[in-house]
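To start, the structure under review is shown below, and the notes come after it.
The values are calculated or read from the model by the stated rules, or taken from the named source; none is laboratory data. Values in this document were obtained by computation on a predicted structure and should not be read as measured data. Please note: Cβ atoms are built from the backbone with ideal geometry, for glycine as well, and neighbour counts cover all protein chains shown. Calculation scope for accessible area: heavy atoms of the full protein, side chains included, ligands and nucleic acids excluded. Shrake-Rupley method; radii C 1.70, N 1.55, O 1.52, S 1.80 Å.
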Amino acid sequence: MIALMHVAKTFGARLILRDCTAEFNEGTVSLLTGENGAGKSTLLRIIAGLSQPSSGHISFAPEDPSIGFLGHQTFLYPALTALENLAFWQKAHGLPADESTLLGMLEHVNLARHAHERAGVFSRGMAQRLSLARVLLQRPDVLLLDEPGTGLDQASQAMLEEEILKARKRGATIVCVSHNLERARALADCVWRIRDRRLELEEAGS
Amino acid sequence: MMRLALAMALKDVRLTLFRSAGLVQALLLGLLLVFMFSLSQKAGERVSAQTAATIFWLASSFCQVLVFNAVYAYEETAGQRLGLLLAPAPTAAVWLGKAMAGFVLVFLSQLVFLPATAVFLAQEPSHCLAEGLAMLVLADTGLAALGSLLGALAQGQAARESLLSLLVFPLLVPLLLSAISVFAAVFGDAAPDGVASWLGFAGAFDAIFLGAGLLLFRFIYTGEE
Amino acid sequence: MRVSRFPWTPALLAAGAGLLAASQWLVFAYAPVEEVMGPIQKIFYIHLPLAWWGLVSFFVVFVCSIACLAKKDPAYDRTARAAAEIGVLFTTLCLATGMIWGRRAWGVWWTWDPRLSTALVMWFVYVAYLILESLGTSPERRRLVRSTVGIVAFLDVPLVFLSARMWRSIHPAVFASESGGLEPEMKLAAIFCTLAMGVFWLGLLLFRKTQLDQALHIDRLLFRLEERGEKQ
């Protein structure tokens, strides 16, 4: 479970978020919405620990979960091949990086034929799929998604949604920022909206 | 921590040596510097050992600035820095990995600069070789520790190489003084008993900035934009 | 937020200015003219306080930088910035007066003296520190970067001094050092000047800190106004 307690964030004199209190439970998908520039991505970064809240705090139970992050930034090195990219991120997370596992995962996201091509030549959709493979290999406790469907075709979208549901089933805490409300709402257990720099629960879990 | 650091170092060395022109640029700049300084010799005159040592170490420090700019730039093309910060290893592992990569890359460049100094500036690196080698390792360690700490300034598109060099060069003055003194001896200047104390001094410099890097890096390398 | 208004800042500045003016009497009327150098030696009475308080400024930057990282309080960063600005100003003046002195005493504008070179290297580092303000990043990140540099820069000071001294001891000393016992009147004048400058320095530091606080306060008020405008 992730609990936000009165989290606020300022950039210099600008107040971005104020008094955000929320709980995200294990085995649920929470959708985070709001207008452009409402502070959705900022909040997601704060949850990820990438950005410090100016006041308030965040707690995780159990502590120190592994966090997977899939956003429009792919974290891929353009000059490394698909396989090398996966191997590097596995090692960076202290996970095994044997080639058969990695190739299996590439097969799963339909990139097996491109395993030895550099990520720099990949199309947006291919890069996003490789990025998805990177996250799936980690099997994170907390999965943070920032517009994860960007650039994906219908088939890949479906695969992404299936993976999100699988992660939910194994008990991961999933927080997703998305504009594509119809699709995302269908997945979500609850919906949070940022309005006037505050976080409001719009739709509680069923 | 070591796992991430090693993976990082290997990846950066591979990217720089085999996948980009990163090191070529640094090498050319250093070589140009050595060559341009050879213009200061009058016909039939030799550059003093002290001057040659200075030029060699200046070339090395320019190379260091470019190398660290390059290795930190790798993490900015698609948000990789955020991925590294999410990894369970402490942030200092990134500093260590980059420092190791930078050490190797600067050292490799010096393997080119040294013969270039010998050829263009007519030097014979033939004295106090053991001390010279020790100083090379110590000074490169210092260059790597400080370069890796401040190279993190290149985070985001905001920082410029000029700012990095503005900060790094003055901070390096003590280390460069010691390296130049020992290399002047290597190039044949009479070396009194100074060499040993300069080696000790460089060791102290390394210790201080290795400690500073280990402790302070996590403040400078963050997810804040 | 609290805008720290130090009520005695103007008083400190006025007292510092008054003491500095008074110190001129000590310098020119009380302390004797130095035998070898003549009246040019009077520069010493302004040079020494500048050097001393310049160094203290950088030490304040160091301490406030550590405090800023440890306590995560941006107020320390503003103090550090104020101190760095004053430190650079004082060091610039110190270098200028030192060069005039050196020209007269040693016949050259510049020499590889440990103190001189340390001052110059520090000047370079802290000017770069001030340039960090122009980094196009968020204030949060600038603060972290500045604090880190503020710590690293001060760690370098003893190293620069030590290396410059070793460098000189290995090379023949070209110029005799400027030491030699000061006459008691001179010593008294020098101490008084240093203390007077200290009062002025403190006033300046608090004044600049208050300015920086107020600038942030105004930014926040403007932002709130903007926000209200958006809603209507």
Cross-chain or 8 or more residues apart, Cα under 15 Å: how many lysine pairs in the protein assembly as shown fit that? Count them up, please. 5
Between residue B:29 and residue C:25, what FRET efficiency comes out of the Förster formula 1/(1 + (r/R0)^6) with R0 = 56 Å and r the beta carbon distance, rounded to 0.05? 0.45
Accessible area buried, both sides summed, chains A and C with 1.4 Å probe, Å²: 800 Å²
Measuring from label point to label point, each 7 Å out along Cα→Cβ, what is the residue B:127 to residue A:181 span in nm? 8.1 nm
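Sort C:48, C:26 from largest to smallest accessible area, using a 1.4 Å probe on the heavy atoms of the protein chains. Don't skip to the answer; put the middle values down first.
Values: C:48 70, C:26 25 Å².
Per-residue accessible area, sorted high to low, gives C:48, C:26.
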Once you keep just the Cα pairs under 8 angstrom separated by 6 or more residues, what percentage relative contact order results for the stretch A:1-55? 36 percent
Taking every residue of B:163-171, the Cβ atoms of other protein chains inside 10 Å of its Cβ average out to 6
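Would you mind working out the accessible area per residue for chain C, using a 1.4 Å probe, and quoting it in Å²?
Details: 11620 Å² over 232 residues.
On a per-residue basis, chain C sits at 50 Å².
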With the 8 Å Cα cutoff and a minimum separation of six or more residues, chain C has a relative contact order in percent of 38 percent
Compute for chains B and A the buried accessible surface, both sides summed, probe 1.4 Å, and express it in Å² to the nearest 100. 2200 Å²
Label-to-label distance, nm, for residues given as residue C:109 and residue C:214 (7 Å Cα→Cβ offset): 3.9 nm
At R0 = 60 Å the Cβ-Cβ FRET efficiency linking residue B:40 and residue A:99, nearest 0.05, sits at 0.65
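Is the protein assembly as shown best put as rounded, prolate or oblate by its Cα gyration tensor, with a ≥ b ≥ c the root eigenvalues, rounded for a/c under 1.5, and otherwise prolate when a/b is larger than b/c, oblate when not? Walk me through the numbers on the way to the answer.
Values: a/c = 3.17, a/b = 1.44, b/c = 2.20.
Taking the square roots of the gyration eigenvalues as a ≥ b ≥ c, the protein assembly as shown is oblate.
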Report, to the nearest 10°, how far helix B:129-151 tilts away from the longest principal axis of the Cα atoms in chain B, using its own Cα long axis and a range of 0 to 90°. 30 degrees
Skip the ligands, DNA and RNA, and give the accessible area per residue of the stretch B:88-225 with a 1.4 Å probe, whole Å². 33 Å²
DSSP-defined antiparallel bridges as percent of all bridges, the protein assembly as shown, nearest 5: 50 percent
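For the stretch A:70-206, what is the percent of antiparallel DSSP beta bridges, rounded to the nearest 5? Write out the running numbers ahead of the final one.
Working: 6 of 12 bridges.
For the stretch A:70-206, the DSSP antiparallel bridge percentage is about 50.
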Please compute the average number of Cβ atoms from other chains found within 10 Å of each residue's Cβ in peptide A:76-83. 5
As an exercise, take the mean of 1/r over every pair of distinct alpha carbons in the stretch C:181-232, invert it, and state the Kirkwood radius in angstroms. 14.5 Å
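Hey, what's chain A come to in accessible area per residue, 1.4 Å probe, Å²?
Numbers: 8970 Å² over 206 residues.
In whole numbers, chain A has 44 Å² accessible per residue.
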What do you get for Rg/Rh of the stretch B:2-220 when both radii come from the Cα atoms and Rh is the Kirkwood radius? 0.99
Can you give me the % of accessible surface on the stretch B:2-220 that is carbon or sulfur? Probe 1.4 Å, all protein chains present, nothing else counted. 71 percent
Starting from a Cα-only point model with no solvent, please compute log10 I(q)/I(0) by Debye for chain A at q = 0.10 1/Å. -0.43
Helix A:99-108 sits at what angle to the longest principal axis of chain A, using alpha carbons and giving 0 to 90 degrees rounded to 10? 70 degrees
When you look at the Cβ of every residue in C:149-159, what mean number of other chain Cβ atoms sits within 10 Å? 5
Note the buried accessible area between C and B here, summed over both chains, with a 1.4 Å probe, in Å² to the nearest 100. 2900 Å²
Taking a quarter of the surface of the convex hull around the Cα atoms of the stretch B:55-172, what do you get in nm²? 8.1 nm²
Would you mind computing, in nm to one decimal, how far apart the modelled labels at residue C:73 and residue C:89 are, each placed 7 Å from Cα along Cα→Cβ? 2.5 nm
Per-residue [θ]222 nm for chain C (sum of -39500 (n - 2.57) over DSSP H runs n ≥ 4, rounded to 500): -27000 deg cm²/dmol
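For the stretch C:85-140, what does the convex hull of the Cα positions come to per residue, in cubic angstrom?
78 Å³
Taking 0.36 nm per residue of sequence separation and subtracting the Cα-Cα distance, how much length would be gained by fully extending the chain between residue C:227 and residue C:17, in nm to one decimal? Walk me through the intermediate numbers first.
Values: separation 210, 0.36 × 210 = 75.60 nm, distance 4.36 nm.
Value of the extension gain: 71.2 nm.
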Relative to the longest principal axis of chain C, what angle (0 to 90°, nearest 10) does the C-alpha long axis of helix C:184-231 take? 20 degrees
Which is the longest stretch in chain B that no exposed loop site breaks, taking sites as trypsin sites (Lys or Arg not before Pro) with a DSSP loop state and at most 14 other Cβ atoms within 10 Å? B:47-225
Could you compute how much accessible surface residue A:16 exposes when probed at 1.4 Å, giving the result in Å² to the nearest 10? 30 Å²
